[in-house]
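*Asks:* What follows is a single structure, and I will ask about it in a moment.
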Amino acid sequence: MGPPARQMRLGVFVQTPGHHVGGWRHAEADARTPNLALMQHIAATAEAARFDMFFLGDGFATGYGEHPSTIGKFEPLGLLSALAMGTTRLGLAATASTTYAEPYHVARAFASLDHLSAGRAGWNVVTTAYAKSSAVFGRPHPPHAERYAMAEEFVEACRLLWDSWDDDAFVADKEAGVFVRPGSLHVPAFDRKYFSVQGALNVPRSPQGHPVLIQAGSSGPGQALAARIADVVFTAQNDLAEAQAFYRSVKAQLATYGRPASAALVMPGVMPVVGRTEHEAQEIFAELNRNIDTAQAFTVLSERLGADMSVHPLDVPVPEVPETEHLKSRAALLIQMARRENLTLRALFHRVAAARGHLLPIGTPLQVADTLEAWFRQGAADGFNVMPPFFPGQFDAFAQGVVPILQERGLFRADYTGTTLRDHLGLARPADKRI
(Lines give C-alpha, C1' and ligand atoms only; values in the text may rest on other atoms or scores of the structure.)
Protein backbone atom coordinates (compact mmCIF):
# COMPACT_ATOMS: atom_id res chain seq x y z
CA MET A 1 0.00 0.00 0.00
CA GLY A 2 1.15 3.51 -0.79
CA PRO A 3 1.07 6.49 1.56
CA PRO A 4 -2.37 7.72 2.63
CA ALA A 5 -4.01 10.25 0.35
CA ARG A 6 -3.45 13.88 1.28
CA GLN A 7 -6.42 15.37 3.12
CA MET A 8 -7.40 18.95 3.71
CA ARG A 9 -7.55 20.62 7.11
CA LEU A 10 -10.51 22.68 8.27
CA GLY A 11 -10.84 25.31 10.96
CA VAL A 12 -13.82 27.47 11.83
CA PHE A 13 -12.96 31.12 12.38
CA VAL A 14 -15.49 32.16 15.01
CA GLN A 15 -16.30 35.84 14.73
CA THR A 16 -19.79 36.42 16.01
CA PRO A 17 -22.39 37.30 14.96
CA GLY A 18 -20.69 36.62 11.60
CA HIS A 19 -17.94 37.57 9.17
CA HIS A 20 -20.10 39.56 6.77
CA VAL A 21 -20.41 43.11 8.08
CA GLY A 22 -24.20 42.87 7.65
CA GLY A 23 -24.43 39.31 8.94
CA TRP A 24 -25.66 40.25 12.39
CA ARG A 25 -28.82 41.76 10.86
CA HIS A 26 -29.85 38.55 9.08
CA ALA A 27 -33.05 37.06 10.48
CA GLU A 28 -31.32 33.74 11.21
CA ALA A 29 -28.26 35.26 12.90
CA ASP A 30 -27.94 34.92 16.66
CA ALA A 31 -26.77 38.45 17.50
CA ARG A 32 -26.90 38.19 21.30
CA THR A 33 -23.50 38.87 22.80
CA PRO A 34 -21.60 37.60 24.67
CA ASN A 35 -23.24 34.25 24.06
CA LEU A 36 -21.75 31.12 25.61
CA ALA A 37 -24.58 28.90 24.36
CA LEU A 38 -23.84 29.90 20.75
CA MET A 39 -20.10 29.26 21.25
CA GLN A 40 -20.89 25.82 22.64
CA HIS A 41 -23.18 25.09 19.67
CA ILE A 42 -20.49 26.08 17.16
CA ALA A 43 -17.88 23.97 18.96
CA ALA A 44 -20.17 20.94 19.12
CA THR A 45 -21.06 21.32 15.43
CA ALA A 46 -17.40 21.63 14.47
CA GLU A 47 -16.41 18.56 16.50
CA ALA A 48 -19.28 16.50 15.08
CA ALA A 49 -18.05 17.43 11.59
CA ARG A 50 -14.48 16.44 12.60
CA PHE A 51 -13.00 19.93 12.16
CA ASP A 52 -9.37 20.39 13.11
CA MET A 53 -9.89 23.55 15.14
CA PHE A 54 -12.13 26.25 16.54
CA PHE A 55 -10.31 29.58 16.11
CA LEU A 56 -10.88 32.94 17.79
CA GLY A 57 -9.38 36.16 16.49
CA ASP A 58 -8.87 39.04 18.90
CA GLY A 59 -8.34 42.78 19.02
CA PHE A 60 -8.63 45.71 21.37
CA ALA A 61 -11.41 47.83 19.82
CA THR A 62 -13.63 49.70 22.25
CA GLY A 63 -15.69 52.29 20.30
CA TYR A 64 -19.45 52.35 19.74
CA GLY A 65 -18.89 52.55 15.99
CA GLU A 66 -17.03 49.27 15.82
CA HIS A 67 -18.41 46.25 13.96
CA PRO A 68 -20.33 43.97 16.38
CA SER A 69 -17.76 41.21 15.84
CA THR A 70 -15.04 43.33 17.47
CA ILE A 71 -16.85 44.30 20.68
CA GLY A 72 -19.10 42.69 23.28
CA LYS A 73 -17.25 39.38 23.19
CA PHE A 74 -15.43 37.04 25.54
CA GLU A 75 -11.71 37.15 26.23
CA PRO A 76 -10.48 34.29 23.99
CA LEU A 77 -8.51 32.09 26.39
CA GLY A 78 -11.21 32.23 29.05
CA LEU A 79 -13.77 31.13 26.47
CA LEU A 80 -11.57 28.36 25.06
CA SER A 81 -10.96 27.03 28.57
CA ALA A 82 -14.72 26.77 29.03
CA LEU A 83 -15.16 25.07 25.65
CA ALA A 84 -12.42 22.58 26.51
CA MET A 85 -14.76 21.14 29.13
CA GLY A 86 -17.45 20.30 26.56
CA THR A 87 -15.27 18.95 23.74
CA THR A 88 -12.77 16.10 23.51
CA ARG A 89 -11.05 16.31 20.11
CA LEU A 90 -11.59 19.76 18.61
CA GLY A 91 -8.49 21.99 18.51
CA LEU A 92 -8.87 25.29 20.36
CA ALA A 93 -6.86 28.23 19.00
CA ALA A 94 -6.78 31.94 19.74
CA THR A 95 -4.93 35.11 18.89
CA ALA A 96 -2.50 36.76 21.29
CA SER A 97 -0.41 39.82 20.50
CA THR A 98 3.39 39.88 20.64
CA THR A 99 3.34 43.70 20.69
CA TYR A 100 1.02 44.21 23.66
CA ALA A 101 1.83 41.30 25.98
CA GLU A 102 4.75 39.61 27.75
CA PRO A 103 6.21 36.20 26.83
CA TYR A 104 5.74 34.75 30.32
CA HIS A 105 2.03 35.59 30.44
CA VAL A 106 1.35 34.18 26.97
CA ALA A 107 3.48 31.05 27.46
CA ARG A 108 1.81 30.29 30.78
CA ALA A 109 -1.72 30.85 29.44
CA PHE A 110 -1.34 28.62 26.37
CA ALA A 111 0.51 25.90 28.31
CA SER A 112 -2.39 25.91 30.78
CA LEU A 113 -4.95 25.69 27.95
CA ASP A 114 -3.01 22.77 26.47
CA HIS A 115 -3.25 20.93 29.80
CA LEU A 116 -6.91 21.82 30.30
CA SER A 117 -7.77 20.50 26.82
CA ALA A 118 -5.44 17.46 26.91
CA GLY A 119 -3.32 18.78 24.06
CA ARG A 120 -5.57 20.84 21.81
CA ALA A 121 -4.23 24.40 22.16
CA GLY A 122 -3.08 26.67 19.33
CA TRP A 123 -1.70 30.23 19.40
CA ASN A 124 -2.20 32.64 16.52
CA VAL A 125 0.90 34.85 16.73
CA VAL A 126 0.02 38.40 15.70
CA THR A 127 1.90 41.69 15.85
CA THR A 128 -1.32 43.80 16.07
CA ALA A 129 -1.55 45.88 12.91
CA TYR A 130 -3.91 48.63 14.05
CA ALA A 131 -2.20 51.65 15.58
CA LYS A 132 -5.36 52.54 17.54
CA SER A 133 -4.72 49.48 19.73
CA SER A 134 -1.82 51.29 21.36
CA ALA A 135 -4.09 53.77 23.13
CA VAL A 136 -5.47 51.27 25.64
CA PHE A 137 -1.93 50.26 26.61
CA GLY A 138 -0.55 53.79 26.87
CA ARG A 139 2.42 53.16 24.62
CA PRO A 140 3.47 54.09 21.06
CA HIS A 141 2.62 51.69 18.24
CA PRO A 142 5.89 50.26 16.85
CA PRO A 143 6.62 50.40 13.10
CA HIS A 144 5.84 47.35 10.94
CA ALA A 145 9.41 45.98 10.75
CA GLU A 146 10.00 46.46 14.47
CA ARG A 147 6.79 44.62 15.36
CA TYR A 148 8.01 41.56 13.45
CA ALA A 149 11.43 41.72 15.10
CA MET A 150 9.63 41.81 18.46
CA ALA A 151 7.48 38.85 17.44
CA GLU A 152 10.48 36.70 16.61
CA GLU A 153 12.04 37.35 20.02
CA PHE A 154 8.70 36.83 21.76
CA VAL A 155 8.13 33.39 20.23
CA GLU A 156 11.70 32.31 20.97
CA ALA A 157 11.23 33.27 24.63
CA CYS A 158 7.93 31.36 24.80
CA ARG A 159 9.53 28.24 23.36
CA LEU A 160 12.24 28.33 26.01
CA LEU A 161 9.60 28.77 28.69
CA TRP A 162 7.56 25.82 27.38
CA ASP A 163 10.72 23.73 27.64
CA SER A 164 11.38 24.73 31.26
CA TRP A 165 10.59 21.20 32.44
CA ASP A 166 11.25 17.72 31.06
CA ASP A 167 8.18 15.71 30.11
CA ASP A 168 8.47 13.44 33.16
CA ALA A 169 9.63 16.10 35.65
CA PHE A 170 6.67 15.92 38.03
CA VAL A 171 6.90 12.41 39.46
CA ALA A 172 5.13 13.00 42.83
CA ASP A 173 6.85 9.97 44.40
CA LYS A 174 5.29 9.88 47.86
CA GLU A 175 7.46 7.05 49.22
CA ALA A 176 10.71 8.71 48.20
CA GLY A 177 9.47 12.17 49.07
CA VAL A 178 10.35 13.43 45.59
CA PHE A 179 7.82 15.75 43.94
CA VAL A 180 10.01 16.85 41.01
CA ARG A 181 12.72 14.68 39.46
CA PRO A 182 16.16 16.24 40.10
CA GLY A 183 17.79 17.71 37.00
CA SER A 184 14.48 18.12 35.16
CA LEU A 185 14.37 21.92 35.32
CA HIS A 186 15.89 24.06 32.56
CA VAL A 187 15.83 27.74 33.54
CA PRO A 188 15.71 30.06 30.52
CA ALA A 189 18.22 32.88 30.44
CA PHE A 190 16.86 35.06 27.66
CA ASP A 191 18.04 38.65 27.31
CA ARG A 192 17.45 40.32 23.94
CA LYS A 193 16.63 43.75 22.57
CA TYR A 194 12.89 43.72 23.30
CA PHE A 195 12.30 40.99 25.88
CA SER A 196 14.12 39.49 28.83
CA VAL A 197 13.14 36.32 30.71
CA GLN A 198 15.25 35.09 33.63
CA GLY A 199 13.28 32.25 35.16
CA ALA A 200 11.29 29.12 34.41
CA LEU A 201 7.61 28.60 33.69
CA ASN A 202 5.67 27.29 36.68
CA VAL A 203 3.53 25.02 34.46
CA PRO A 204 4.65 21.46 33.56
CA ARG A 205 5.59 20.76 29.95
CA SER A 206 2.30 20.51 28.09
CA PRO A 207 0.81 17.50 26.27
CA GLN A 208 1.83 18.83 22.84
CA GLY A 209 5.24 19.98 24.05
CA HIS A 210 4.44 23.36 22.52
CA PRO A 211 1.00 24.58 21.47
CA VAL A 212 0.48 24.69 17.71
CA LEU A 213 1.80 28.02 16.37
CA ILE A 214 -0.24 29.90 13.77
CA GLN A 215 0.92 32.97 11.85
CA ALA A 216 -1.32 35.20 9.77
CA GLY A 217 0.86 37.92 8.23
CA SER A 218 1.15 37.73 4.43
CA SER A 219 3.65 40.56 3.92
CA GLY A 220 7.32 39.78 3.24
CA PRO A 221 8.24 39.93 6.95
CA GLY A 222 5.08 37.99 7.77
CA GLN A 223 5.95 35.17 5.39
CA ALA A 224 9.53 35.08 6.70
CA LEU A 225 8.28 34.81 10.29
CA ALA A 226 5.86 32.07 9.27
CA ALA A 227 8.66 30.13 7.58
CA ARG A 228 10.69 30.28 10.79
CA ILE A 229 8.08 29.58 13.45
CA ALA A 230 4.63 28.62 12.11
CA ASP A 231 2.91 25.24 12.10
CA VAL A 232 -0.11 26.79 10.33
CA VAL A 233 -0.28 29.85 8.08
CA PHE A 234 -3.55 31.77 7.79
CA THR A 235 -3.84 34.01 4.74
CA ALA A 236 -6.36 36.01 2.72
CA GLN A 237 -6.44 35.08 -0.98
CA ASN A 238 -9.25 35.42 -3.52
CA ASP A 239 -7.54 34.54 -6.80
CA LEU A 240 -6.35 30.99 -7.54
CA ALA A 241 -3.14 32.01 -9.31
CA GLU A 242 -2.16 34.44 -6.55
CA ALA A 243 -3.00 31.82 -3.91
CA GLN A 244 -0.78 29.32 -5.71
CA ALA A 245 2.07 31.83 -5.81
CA PHE A 246 1.69 32.55 -2.09
CA TYR A 247 1.61 28.82 -1.32
CA ARG A 248 4.81 28.21 -3.34
CA SER A 249 6.53 31.17 -1.70
CA VAL A 250 5.81 29.99 1.85
CA LYS A 251 6.80 26.40 1.12
CA ALA A 252 10.06 27.53 -0.54
CA GLN A 253 10.98 29.69 2.44
CA LEU A 254 10.53 26.76 4.82
CA ALA A 255 13.53 25.07 3.22
CA THR A 256 15.62 28.17 3.97
CA TYR A 257 15.20 27.38 7.65
CA GLY A 258 15.78 23.65 7.27
CA ARG A 259 12.10 22.77 7.52
CA PRO A 260 10.25 20.37 5.19
CA ALA A 261 7.34 21.66 3.12
CA SER A 262 4.93 19.68 5.32
CA ALA A 263 6.07 21.51 8.48
CA ALA A 264 3.67 24.44 7.92
CA LEU A 265 0.14 24.14 6.57
CA VAL A 266 -1.28 26.97 4.46
CA MET A 267 -4.96 27.58 5.25
CA PRO A 268 -6.59 30.52 3.42
CA GLY A 269 -9.74 32.04 4.82
CA VAL A 270 -12.95 31.25 2.96
CA MET A 271 -16.39 32.82 3.48
CA PRO A 272 -18.86 30.36 1.90
CA VAL A 273 -22.46 31.41 1.33
CA VAL A 274 -24.36 28.12 1.17
CA GLY A 275 -27.89 27.61 -0.12
CA ARG A 276 -30.01 24.61 -1.08
CA THR A 277 -29.91 26.01 -4.63
CA GLU A 278 -27.57 28.47 -6.28
CA HIS A 279 -30.45 30.95 -6.47
CA GLU A 280 -31.07 30.66 -2.73
CA ALA A 281 -27.37 31.22 -2.00
CA GLN A 282 -27.33 34.33 -4.19
CA GLU A 283 -30.48 35.58 -2.44
CA ILE A 284 -28.81 35.11 0.97
CA PHE A 285 -25.80 37.05 -0.25
CA ALA A 286 -27.96 39.81 -1.71
CA GLU A 287 -29.84 40.14 1.58
CA LEU A 288 -26.57 40.37 3.48
CA ASN A 289 -25.40 43.13 1.17
CA ARG A 290 -28.65 45.04 1.58
CA ASN A 291 -27.92 45.16 5.30
CA ILE A 292 -24.58 46.91 4.82
CA ASP A 293 -24.45 50.42 6.24
CA THR A 294 -22.80 52.35 3.40
CA ALA A 295 -22.34 55.34 5.72
CA GLN A 296 -19.39 53.40 7.09
CA ALA A 297 -17.83 52.96 3.65
CA PHE A 298 -15.13 55.61 3.93
CA THR A 299 -14.26 54.58 7.49
CA VAL A 300 -13.88 50.92 6.54
CA LEU A 301 -11.94 51.62 3.34
CA SER A 302 -9.61 54.10 5.01
CA GLU A 303 -8.91 51.61 7.80
CA ARG A 304 -8.26 48.71 5.43
CA LEU A 305 -6.18 50.64 2.90
CA GLY A 306 -4.24 52.70 5.42
CA ALA A 307 -5.10 56.05 3.79
CA ASP A 308 -7.97 58.57 3.93
CA MET A 309 -10.46 57.54 1.24
CA SER A 310 -13.04 60.21 2.10
CA VAL A 311 -11.32 62.66 -0.27
CA HIS A 312 -12.38 60.46 -3.24
CA PRO A 313 -15.86 59.86 -4.72
CA LEU A 314 -17.23 56.38 -4.08
CA ASP A 315 -18.09 55.69 -7.72
CA VAL A 316 -14.64 56.11 -9.26
CA PRO A 317 -11.94 53.49 -9.78
CA VAL A 318 -9.85 52.79 -6.70
CA PRO A 319 -7.09 55.44 -6.62
CA GLU A 320 -3.40 54.86 -6.08
CA VAL A 321 -2.67 54.26 -2.41
CA PRO A 322 0.81 54.90 -1.03
CA GLU A 323 2.34 52.11 1.05
CA THR A 324 2.12 52.75 4.78
CA GLU A 325 3.07 51.00 7.99
CA HIS A 326 -0.53 49.82 8.27
CA LEU A 327 -1.81 46.38 7.19
CA LYS A 328 0.65 46.15 4.31
CA SER A 329 -0.27 42.73 2.96
CA ARG A 330 -4.04 43.17 3.26
CA ALA A 331 -4.00 46.62 1.62
CA ALA A 332 -1.91 45.24 -1.25
CA LEU A 333 -4.30 42.30 -1.65
CA LEU A 334 -7.33 44.60 -1.89
CA ILE A 335 -5.63 46.95 -4.34
CA GLN A 336 -4.63 44.01 -6.55
CA MET A 337 -8.21 42.71 -6.49
CA ALA A 338 -9.56 46.16 -7.38
CA ARG A 339 -7.16 46.49 -10.32
CA ARG A 340 -7.83 42.96 -11.55
CA GLU A 341 -11.61 43.38 -11.47
CA ASN A 342 -11.73 47.12 -12.29
CA LEU A 343 -13.62 47.89 -9.08
CA THR A 344 -14.84 51.28 -7.93
CA LEU A 345 -14.38 52.33 -4.33
CA ARG A 346 -18.04 51.48 -3.69
CA ALA A 347 -17.64 48.01 -5.20
CA LEU A 348 -14.44 47.44 -3.25
CA PHE A 349 -16.24 48.46 -0.05
CA HIS A 350 -18.91 45.84 -0.67
CA ARG A 351 -16.22 43.20 -1.24
CA VAL A 352 -14.39 44.24 1.94
CA ALA A 353 -17.64 44.28 3.92
CA ALA A 354 -18.49 40.82 2.62
CA ALA A 355 -15.28 38.87 3.06
CA ARG A 356 -12.38 41.28 3.70
CA GLY A 357 -10.51 40.01 0.65
CA HIS A 358 -10.92 36.29 1.37
CA LEU A 359 -12.21 33.63 -1.01
CA LEU A 360 -15.98 33.99 -1.43
CA PRO A 361 -17.72 30.94 -2.99
CA ILE A 362 -21.50 31.31 -3.30
CA GLY A 363 -23.69 28.36 -4.20
CA THR A 364 -24.91 24.91 -3.28
CA PRO A 365 -22.89 22.58 -1.02
CA LEU A 366 -21.69 20.81 -4.18
CA GLN A 367 -20.51 24.04 -5.80
CA VAL A 368 -18.71 25.18 -2.65
CA ALA A 369 -17.06 21.76 -2.28
CA ASP A 370 -15.93 21.92 -5.92
CA THR A 371 -14.23 25.27 -5.31
CA LEU A 372 -12.42 24.05 -2.20
CA GLU A 373 -11.33 20.87 -3.96
CA ALA A 374 -9.95 22.84 -6.90
CA TRP A 375 -7.85 25.07 -4.65
CA PHE A 376 -6.68 22.10 -2.59
CA ARG A 377 -5.72 19.91 -5.54
CA GLN A 378 -4.13 22.71 -7.56
CA GLY A 379 -1.53 23.74 -4.99
CA ALA A 380 -3.21 26.76 -3.44
CA ALA A 381 -4.03 25.41 0.03
CA ASP A 382 -3.53 22.63 2.55
CA GLY A 383 -6.95 23.40 3.98
CA PHE A 384 -9.20 26.31 4.86
CA ASN A 385 -10.24 28.54 7.72
CA VAL A 386 -14.01 28.71 7.28
CA MET A 387 -15.55 32.15 7.94
CA PRO A 388 -19.37 31.90 7.86
CA PRO A 389 -21.19 35.16 7.03
CA PHE A 390 -23.38 34.62 10.09
CA PHE A 391 -23.78 32.10 12.91
CA PRO A 392 -25.15 29.57 13.51
CA GLY A 393 -27.14 28.96 10.30
CA GLN A 394 -24.44 29.35 7.69
CA PHE A 395 -21.91 27.33 9.67
CA ASP A 396 -24.48 24.58 10.17
CA ALA A 397 -25.14 24.62 6.41
CA PHE A 398 -21.43 24.20 5.70
CA ALA A 399 -20.83 21.51 8.33
CA GLN A 400 -23.89 19.49 7.37
CA GLY A 401 -23.83 20.11 3.61
CA VAL A 402 -20.29 20.73 2.35
CA VAL A 403 -18.27 18.56 4.75
CA PRO A 404 -20.06 15.27 3.87
CA ILE A 405 -19.25 15.86 0.19
CA LEU A 406 -15.57 16.41 1.02
CA GLN A 407 -15.64 13.23 3.12
CA GLU A 408 -17.26 11.21 0.32
CA ARG A 409 -14.49 12.35 -2.02
CA GLY A 410 -11.81 11.27 0.43
CA LEU A 411 -10.65 14.87 0.84
CA PHE A 412 -11.47 15.19 4.54
CA ARG A 413 -11.41 12.80 7.48
CA ALA A 414 -14.44 10.71 8.35
CA ASP A 415 -13.27 10.48 11.98
CA TYR A 416 -10.47 11.66 14.23
CA THR A 417 -7.47 9.34 14.41
CA GLY A 418 -5.65 11.17 17.19
CA THR A 419 -6.39 13.20 20.29
CA THR A 420 -4.27 16.37 20.02
CA LEU A 421 -4.36 19.27 17.59
CA ARG A 422 -0.88 18.24 16.38
CA ASP A 423 -2.27 14.77 15.68
CA HIS A 424 -5.10 16.22 13.58
CA LEU A 425 -2.74 18.43 11.58
CA GLY A 426 -0.09 15.75 11.10
CA LEU A 427 2.53 17.80 12.94
CA ALA A 428 5.39 16.40 14.99
CA ARG A 429 5.56 17.03 18.72
CA PRO A 430 8.63 19.09 19.76
CA ALA A 431 10.99 16.72 21.52
CA ASP A 432 11.84 16.67 25.21
CA LYS A 433 15.10 18.61 25.67
CA ARG A 434 16.84 15.49 27.05
CA ILE A 435 16.11 13.37 23.96
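*Asks:* Could you tell me the extents of the stretch 195-283's C-alpha atoms along the three principal axes, largest first, rounded to whole Å?
*Replies:* Its Cα atoms span 60, 31, 24 Å along the three principal axes.
*Asks:* Something else now. I'd like the carbon and sulfur percentage of the solvent accessible area for the chain, probe radius 1.4 Å, heavy atoms only, ligands and nucleic acids excluded.
*Replies:* 55
*Asks:* I've got another one for you. Given the chain, what percent of its DSSP beta bridges are antiparallel, to the nearest 5?
*Replies:* Bridges in the chain that DSSP calls antiparallel: roughly 20 percent.
*Asks:* Please work out, to two decimal places, the log10 of the ratio I(q)/I(0) at q = 0.10, 0.13 Å⁻¹ from a Debye calculation in which every Cα of the chain carries one identical scatterer.
*Replies:* For the chain at q = 0.10, 0.13 Å⁻¹, log10 I(q)/I(0) is -0.70, -1.21.
*Asks:* If you take every residue apart from ALA354 with its C-beta less than 15 Å away from the C-beta of ALA354, what net charge results, scoring Lys and Arg +1 and Asp and Glu -1?
*Replies:* Taking every Cβ under 15 Å from that of ALA354, the sum is +3.
*Asks:* Next up: For the stretch 207-340, what ratio Rg/Rh do Cα atoms give with a Kirkwood hydrodynamic radius?
*Replies:* Rg/Rh: 1.05.
*Asks:* Go ahead and collect, in residue order, the members of the stretch 338-367 whose backbone nitrogen is under 17 Å from a label point 7 Å along the Cα-Cβ direction of SER249.
*Replies:* Only 338-340, 357-359 pass the distance filter.
*Asks:* If you build a Gaussian network model of the chain, linking Cα atoms that sit under 10 Å apart, which residue out of ARG147, ARG181, ARG159 swings the most?
*Replies:* ARG181
*Asks:* Could you calculate the contour length gain from ARG32 to ASP432, that is, 0.36 nm times the residue separation minus the distance between their Cα atoms, to one decimal place in nm?
*Replies:* 139.6 nm
*Asks:* Can you order the peptides 12-21, 424-433, 313-322 by their average number of other Cβ atoms within 10 Å per residue, highest first?
*Replies:* So the order, starting with the most tightly packed, is 12-21, 424-433, 313-322.
*Asks:* At a Förster radius of 56 Å, what calculated FRET efficiency corresponds to the Cβ-Cβ distance of GLU287 and VAL178, to the nearest 0.05?
*Replies:* E between GLU287 and VAL178, to the nearest 0.05, is 0.30.
*Asks:* At a 1.4 Å probe radius, which order do SER249, SER117, SER196 fall into by accessible area, largest first?
*Replies:* Largest accessible area first, the residues go SER196, SER249, SER117.
*Asks:* Simple spin-label model, 7 Å along Cα-to-Cβ: ARG139 to SER262 in nm?
*Replies:* Each label point is offset 7 Å from its Cα along the Cβ direction, giving 4.0 nm.
*Asks:* Please list 235-244, 182-191 highest first by mean number of surrounding beta-carbon atoms within 10 Å per residue.
*Replies:* Order by mean packing, descending: 235-244, 182-191.
*Asks:* Along the charge dipole of the chain, which of SER196, HIS115, ALA380 sits closest to the positive end, that is, farthest toward it, with unit charges on the beta carbon of Lys, Arg, Asp and Glu (+1, +1, -1, -1)?
*Replies:* Of the listed residues, the answer is SER196.
The values are calculated or read from the model by the stated rules, or taken from the named source; none is laboratory data. Remember, predicted model here, so these are calculated numbers, not experimental data. With ideal geometry, Cβ positions are generated from the backbone for all residues, glycine too; neighbour counts draw on all protein chains shown. Protein only, heavy atoms only, side chains kept; ligands, DNA and RNA dropped before computing areas. Shrake-Rupley method; radii C 1.70, N 1.55, O 1.52, S 1.80 Å.
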